[in-house]
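What follows is one structure encoded as structure tokens, with my remarks underneath.
The values are calculated or read from the model by the stated rules, or taken from the named source; none is laboratory data. Small disclaimer: the values here were computed from a predicted structure and weren't measured. Quick reminder, even Gly has a Cβ in these numbers, built from the backbone with ideal geometry, and neighbours come from all protein chains shown. Ligands, DNA and RNA are excluded from the accessible area calculation, which covers all protein heavy atoms including side chains. Shrake-Rupley method; radii C 1.70, N 1.55, O 1.52, S 1.80 Å.
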Amino acid sequence: MALPNAYAHYNNSKVLTASPAELTLMLYEGAIKFCNIAITAVENKDIPKAHENIVKVERIIDYLRQTLDMKYEVAQDFDNIYSYLGQRLVEGNLSKDKEVLEEVCGHLRSVRDTWKEVMRLNNQKGAE
């Protein structure tokens, strides 16, 4: 089975060659993916799978929060967002409430989209 191995190698090299901004984008994408899996698991009443994926989202949010560079003013805003998302994830995990998870996923999409726009503007700025 060479194909799965090739895909794993591609993903590994993608991470190893990514810029810090691209890595952050990958983390947002991963958090959204795991949040969507958790929502589907809640709908299907697969509690262990929901828990497992909510915890994955929590870990990504924790990592993003820990890596904030607080010397920048905007970092406090991100810290507040991540803190709120972390609290909601705990609530959503305890109650297995699909609406809470959908709210978190919506916020993650919004932050991801904003991050993409910042990356695009920085790329334009660098090209000038």
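When the Cα gyration tensor is reduced to axis lengths a ≥ b ≥ c, the ratio a/c is 1.5 or higher for the chain, and with a/b not above b/c it is classed as oblate.
Within straight-line reach of LYS45, meaning a Cα separation under 29 Å, sit the following lysines at least 8 residues removed in sequence or on another chain: LYS33, LYS56, LYS96, LYS98. Toward the positive end of the charge dipole of region 68-128, with +1 on the Cβ of Lys and Arg and -1 on the Cβ of Asp and Glu, the farthest Cα among LEU101, TYR84, GLN124 is that of GLN124. For region 35-128, a simple Cβ point-charge model (Lys and Arg +1, Asp and Glu -1, everything else neutral) yields a dipole of about 260 debye relative to the Cα centre. Among SER83, SER110, the order of accessible area from largest down is SER110, SER83, computed with a 1.4 Å probe on protein heavy atoms. Of all complete DSSP H helices in the chain, not one has a Cα span along the helix axis of 15 Å or greater and a mean Kyte-Doolittle hydropathy of 1.0 or more. Take every pair of alpha-carbon atoms less than 8 Å apart whose residues are at least six positions apart; their mean separation over the length of the chain yields a relative contact order of 27 percent.
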